[in-house]
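Reading through the structure tokens given below for one structure.
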Amino acid sequence: MKNHLHTLKGAVVLALGLAAASATAQAGGEQYFPLQSYRVGPYAAGGTGFFGGFIDYLQYVNLKEGGVNGVKLTWSECETEYVVEKGVECYERLKKGLNGAPAAATNPLSVGIAYATLERSTADKLPLITINHGRTDSTDGSVFPYVFPLQLNPYSEVSAIINYIGQKSGGLAKLKGKKIAVLYHGSPYGKETNPILELLSKKYGFQLVSLEVPHPGNEQQSQWLTIRQQKPDWVILRGWGVMNPVALKTAQKTGYPADHIIGNIWSNSEEDAAPAGAAAKGFISITTHPSGTQFPVLQGIKKTVLDAGKGNLADAKRFGTVYYNLGVVNGILNVEAVRLAQAKFGKKPLTGEQVRWGFEHLHFDDKRLKEVGALGLLQPLQLSCADHEGGGAVRFQQWDGQQWKVISPWVQADRKLLRPIIEDSSHKYAKEKGITPRDCSKES
């Protein structure tokens, strides 16, 4: 009997040991990022750069840290060609995860795809990340709990540009009587800021000239002839892809100075300026993140990923460019959300609903930015239930013929002016959809 009990005890200990070992093995697991990417088509330069930087950062975290607290990061791509219908198909195909690894968030880098999947993401409880773009009223997290226009929404973008033009003019009061033209991409993305520019025009007394450029933007002669006739003091370029270098070349032909053209967040890359050659010299644009490889996180990626022959870029010369660095910044924000969510829900693969909590609690001060090697690359951010943007600031950079040079400190949007407009729009959406906004005072 004694031997039998001893044998039974040993079997129980062995079983418990195997169970513990199994639990430990499963505790690692994988966290999945479904990527609705675009590497072909007229906007491939943006897609390849952004997703290249995003993937390289995920690889860097895996190689350097073994993932996030032992949870490896995994991903797969689905080609959208920047086409909305394909983006929706990719969303449906990828949203349920990969080989048991749950999806953390979607990052389509497309206004059209973001709009088309917004309600699906909310129903599926899967965060939709629209860094530097997307639906502006989704800044109000009380109505849009699963949508995050991180860093800069479209209204903040044009508000900051007008503030900069005011600074260059000697103060916002000096804008009265000036003429500002906006040349915008003929898409929902391009048109979204028109009402805010009209509001700012009335507030500060400048004349606004609005000119639409049909997709994809190869033909702009008539628009620039109008600009030559109207003689605006400044031109705001809200382009995308091929539209940007065509704008700069056409501006030169019509005699408009490049140093009075300000590109928005999707008119600010090397791929936007370099193809225009000499016509781009002096061109100004905004940025939420400078180009360059001097930042510790970029140096870490180079040593750990690129030098090991594991980089995602087809052309290694694009390392450290604007699109690539935006992908890295996006990777930092996604991974930090996972890390924060793990601190609350456990060091394990998480659901989209849990990762959403992490995004809503993102907080990057200088100390944290230094810890992740991104001080100077990423602006200070603090999100909350009510604020899914978190930043709202830009810097201005100028093309010297070869590269971008930062020419300003952070310029903040007038968020106090914009917030009531955002809430009015979000509450109208909530009423239309039968949504009861969250009480953010009760969120923790």
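The values are calculated or read from the model by the stated rules, or taken from the named source; none is laboratory data. Remember, predicted model here, so these are calculated numbers, not experimental data. Backbone-built Cβ (ideal geometry, glycine too); neighbour counts: all protein chains shown. For accessibility, only protein heavy atoms count, side chains too; no ligands or nucleic acids. Shrake-Rupley method; radii C 1.70, N 1.55, O 1.52, S 1.80 Å.
Identify all residues within region 194-253 that are under 22 Å from Val111 (Cα atoms) and among the polar types (S, T, N, Q); write none if there are none.
Asn194, Ser210, Asn218, Asn244 - these are the residues of region 194-253 that are under 22 Å from Val111 (Cα atoms) and among the polar types (S, T, N, Q).
Please go through region 139-159 and give me each residue that is open to solvent by less than 10 Å² (accessible area, probe 1.4 Å) and of a type in the set (Gly, Ala, Ser), ordered by number.
Gly141, Ser156, Ser159
Could you list all residues from region 311-349 that are outside any helix (DSSP H, G or I) and open to solvent by 20 Å² or more (accessible area, probe 1.4 Å)?
Within region 311-349, Gly311, Asn312, Leu313, Ala314, Asp315, Phe319, Gly346, Lys347, Lys348, Pro349 meet the criteria.
Results for (1) touching a helix residue (DSSP H, G or I) at 6+ places or on another chain (Cβ under 6 Å); (2) in contact (Cβ under 8 Å) with a residue 40 or more places away in the chain, shown as yes or no for each residue.
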site: Ile227; (1), (2): no, yes
site: Gln230; (1), (2): no, yes
site: Asp233; (1), (2): no, yes
site: Met243; (1), (2): no, yes
site: Gln252; (1), (2): yes, no
site: Gly255; (1), (2): no, no
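Return a yes/no flag: does region 393-408 have any residue that is open to solvent by less than 30 Å² (accessible area, probe 1.4 Å), touching a residue at least 24 places away in the same chain (Cβ under 8 Å) and assigned to a helix (DSSP H, G or I).
no
So how many residues does region 216-245 have that are closer than 21 Å to Thr136 by Cβ and surrounded by fewer than 23 Cβ atoms within 10 Å (Cβ to Cβ)?
0
Determine whether region 220-239 contains at least one residue that is over 21 Å from Ile407 (Cβ atoms), under 24 Å from the mean Cα position of the chain (by Cα), outside the structural domain of Leu375 (by TED's automatic domain parsing) and not in a loop (DSSP other than H, G, I, E, B).
No; the residues of region 220-239 include none that is over 21 Å from Ile407 (Cβ atoms), under 24 Å from the mean Cα position of the chain (by Cα), outside the structural domain of Leu375 (by TED's automatic domain parsing) and not in a loop (DSSP other than H, G, I, E, B).
Restricting to region 289-305, name every residue that is in a helix (DSSP H, G or I) and open to solvent by 40 Å² or more (accessible area, probe 1.4 Å).
Pro296, Gln299, Lys302, Lys303, Thr304
Looking only at region 260-270, decide whether some residue is among the charged types (D, E, K, R) and closer than 24 Å to Asn330 by Cβ. Please lay out each step first, then the result.
Residues of region 260-270 among the charged types (D, E, K, R): 270.
From what is left, the residues that are closer than 24 Å to Asn330 by Cβ are 270.
Yes, the conditions are met somewhere in region 260-270.
Of the residues that sit in region 256-283 and are part of a helix (DSSP H, G or I) and within 23 Å of the chain's Cα centre (by Cα), which one is surrounded by the fewest Cβ atoms within 10 Å (Cβ to Cβ)?
Residue satisfying both the conditions and the ranking: Ala274.
Among the numbered conditions (1) closer than 20 Å to Gln412 by Cβ; (2) open to solvent by 10 Å² or more (accessible area, probe 1.4 Å); (3) over 25 Å from the mean Cα position of the chain (by Cα), tell me where Phe206 comes up short.
The single condition Phe206 does not satisfy is (2).
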